[in-house]
Amino acid sequence: MQEPSANALPVNLEDRFAALFGDAVSVERPLSAGSMGARVSGIDLNVPLRPAQVELLMDTLSHCRLLTIVGQDLDRFSLASFERFANHWGAPVAHPSNFLRGGKPAQQDGASDGAIEYLPYADRRAAAADTILPGQVACLPHESPAVLVATNLLGQDDRKEFRLKDGGTWHTDIEYEPLPLYVSMFLVHHVPVARDAPNGQWIAPPAASGPEPYFPGSDDELMARRKRLPLNGETAFADTAAAFAALPAAEQAKLETVQLRRRLNAEDEGFLAPLVRTNPRSSVKSLHSPVWASRPGVRPPIEVDGMTADESREFLDGLEKHVLQPQFRYDHQHTPGDVTLWNNYMSLHTSPPIKIGVNKAEDARLLYRLSCKGKPCLVLPRDDDPSWIDTHITGGYRSPDSIVGVRR
């Protein structure tokens, strides 16, 4: 029997949306030159979703890898509403930027088994975003440790001098835990609209600055693909399902046997995880985070089971170069009020270069991210077993009853 293709989008998708959400709903797909992405308009996420509606959205993401539900009213759609919606996709996870591990910021190389301490919003670095452009841009109210504020409105020290901050590294969100993240999502609040760079875009291409933020030693072609980032505040994605589907069948079969050793810190024993994962809803196979060093200097590089460190790097650099080819790339332009979800098992992404030290609202970039792991849930509140939460959710976080309803 033929394997499901990453390019075979489900038939009658538009008819299913019309039947479940009404004729006012429209669907655009794909959004990339390949098969990645779907954009749906006409859905108000303030209205609780029926199970069949949730299932349709999940089916869409399982085939399209990225799903944007446009046009939420930010005067009504709060971050509590956003977190409630996220609970359908998995158990929300506290972001490392919002807690201490063993008394140290969790993004640092602290003790893997250190005690977790959630930071109140006022003590998070993101709280400084409210002080940069007072009366013009401020975060939506929230205290949840699951909400990551992604912004270029940082502290006063960053405001003293304008500069350009390089984009991030290609990665999959929190792939270094035994149960990795399934879905991540953005709620978009502000996007940069200034186009005053000499090239007519928000920023000019950053000058060549050596291998940073990557380790030196990768070949020039891979480094060029890594550093070709969007220039208007977009998030860049790479479709690892389409990249896997494009490989010869014999190579696919070999890759399906590969196990990767991942770890939080260099001294940890780590754990083995499959390189290739199969989406349980669509049966589409994809490469899960085929990156040797996705967080240089923060998390240790991964190893391929049965290979040396040098062999692991050569093997994975080759896969990353394949995945970052232009035909698998999609640069997603954000629009205020959009909720954009992506499947972490089926994609890589990276943040764009951004302006730091801005002093006008048209340069502001402000998004909120939530990430989830575990099984999707058609009806809320979730009924995750407490022992499962303790094992897989850092700090045992659960969305409060005020957001998801009372557990019975």
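Read-outs throughout are calculated quantities, based only on the coordinates presented, and are distinct from any laboratory measurement. Computed from a predicted model, the values in this text were never measured in an experiment. Please note: Cβ atoms are built from the backbone with ideal geometry, for glycine as well, and neighbour counts cover all protein chains shown.
Quick rundown of the values:
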read-out	value
Derived scalar couplings ³J(HN,Hα) [the range 339-356; Karplus, 6.51 cos²θ - 1.76 cosθ + 1.60; whole Hz; x for Gly, Pro]	10, 10, 10, 9, 8, 5, 6, 10, 7, 10, 8, 8, 8, x, x, 9, 7, 10
Residues with amide H under 5 Å from that of H95, placed H, sequence gap 5 or more	A146, V147
Compactness relative to 2.2 N^0.38 Å, alpha carbon Rg of the range 59-169	1.25
GNM top mover of L367, L324, L179 - the chain, alpha-carbon springs below 10 Å	L179
For the range 1-144, convex hull of alpha carbons as volume per residue, Å³	195 Å³
Hz values of 3J(HN,Hα) by residue in the range 284-301 - Karplus curve (6.51, -1.76, 1.60), Gly and Pro given as x	7, 9, 8, 7, 9, 6, x, 10, 5, 9, 7, 9, x, x, 10, 10, x, x
Förster radius 60 Å - calculated FRET efficiency between N199 and W388, Cβ distance, rounded to 0.05	0.75
Under 5 Å, built H, 5+ apart or other chain: amide partners of S347	T240, S289
Extension gain from A309 to F215, taking 0.36 nm per residue of separation minus the Cα-Cα distance	32.5 nm
Placed amide H near E143: partners under 5 Å, 5+ positions off or other chain	none
Rounded to whole Hz, the Karplus (6.51, -1.76, 1.60) HN-Hα couplings of the range 328-334, x for glycine and proline	9, 8, 8, 9, 8, 7, 7
Top positive-direction residue, dipole computed over the chain with Cβ charges, set L272, P141, G405	P141
Spacing of the two label points (7 Å from each Cα toward its C-beta) at L140 and L272, in nm	4.3 nm
Beta bridge orientation in the chain: antiparallel %, DSSP, nearest 5	95 percent
Mean projection area, nm², convex hull over Cα of the range 204-322	9.0 nm²
